[in-house]
Each structure stands twice: as C-alpha cells, then as structure tokens.
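The values are calculated or read from the model by the stated rules, or taken from the named source; none is laboratory data. Just so it is clear, the model here is predicted, and its values are computed rather than measured. Note that each Cβ is placed from the backbone with ideal geometry, even for glycine, and that neighbours are counted across all protein chains shown. Quick note on the areas: whole protein, heavy atoms, side chains included, nothing else; ligands and nucleic acids left out. Shrake-Rupley method; radii C 1.70, N 1.55, O 1.52, S 1.80 Å.
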Amino acid sequence: VDDGRGFVSGGGTAHYQILVRNTAGDAISGVGLNVAASGNLSNLVWACSAVASACPAPVGTGLPNAVLDLPGGASLLFLLDADVAALPEDPAVVSATLNVPAGVQDPTPADHAASDSDVVGLFRDGFD
C-alpha cells in the first residue's frame, strides 16, 4: 500500500496503490484481500488492473475487499482514491491484509500486510 507521499492536504483527495502479487509458480485460490481505511477518508472509489489474472471487478466504490484467485506470476493493482477530511487533522491510513487459505505453503508470510499512514493538514511546512 502506498500513495507516494507522507503528507496529504485536508479537504483534498488521496490516491493509493494496493499491489497484490503471487510470485510463486503455483496458483492460489481463495486469497482474501481485506482493506481498511481510517475514518477521515470518505467517498472511496477504486479501479483494478490485472496481469495474468482477473480482477474481481474493474471498478467499485468503498473498499476493494474481495476473494482472489491468483495464478502463478499474477498480479492485481488496485488504485484507490479517497476524499480526506479537513478536520480533525488525524493521520490518513490505509492498510491491506491478505489471508491465504489454510494449507498453502508461503515462504514469505511477512509480506501479507502493508499500510500507509500520512500526516493530514492544511500547511505542510507551517503557516508563513
């Protein structure tokens, strides 16, 4: 999960990327994608693009929570846009977790969760 920034303007829009990849050679079916967003993010919309796989839907509203089937070498990229509340100036946070079905051998289980947290404010470097 990444938006490429550490600061977002309150009252603006944040743009996040959520990348899901199966780097193994074997297909994995039934992988749960669970995305969460902090309460100061609203009007969430997303789009999905796929490489060697199929998106659960090409576009949607809300959070892109889904059950995924990922052939070996496949990837899905979700682009998530959200409006950021101007107040309160709490951090804007998006997190994603993958739940792999029982019995699936995964050599890198630590990469099943990621998050992005950004400072929210009106002035990045203070008020001049």
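Placing pseudo-labels 7 Å out from each Cα toward the beta carbon at Asp106 and Asp26 gives an inter-label distance of 1.4 nm.
Across region 23-34, rounded Karplus estimates of 3J(HN,Hα) from the backbone phi angles (6.51 cos²θ - 1.76 cosθ + 1.60, θ = phi - 60°) give 7, 7, x, 8, 6, 10, 10, x, 7, x, 9, 10 Hz, Gly and Pro being marked x.
On region 1-51, 47 percent of the accessible area sits on carbon and sulfur atoms, based on a 1.4 Å probe. Working from Cα pairs under 8 Å separated by at least six residues, relative contact order for the chain is 37 percent.
Taking only the Cα atoms of the chain, the ratio Rg/Rh comes out at 1.04, with Rh defined as the Kirkwood radius.
Using θ = phi - 60° in the Karplus curve 6.51 cos²θ - 1.76 cosθ + 1.60, the 3J(HN,Hα) couplings for region 57-66 round to 6, x, 8, x, 10, x, 8, x, 6, 7 Hz; x is entered for Gly and Pro.
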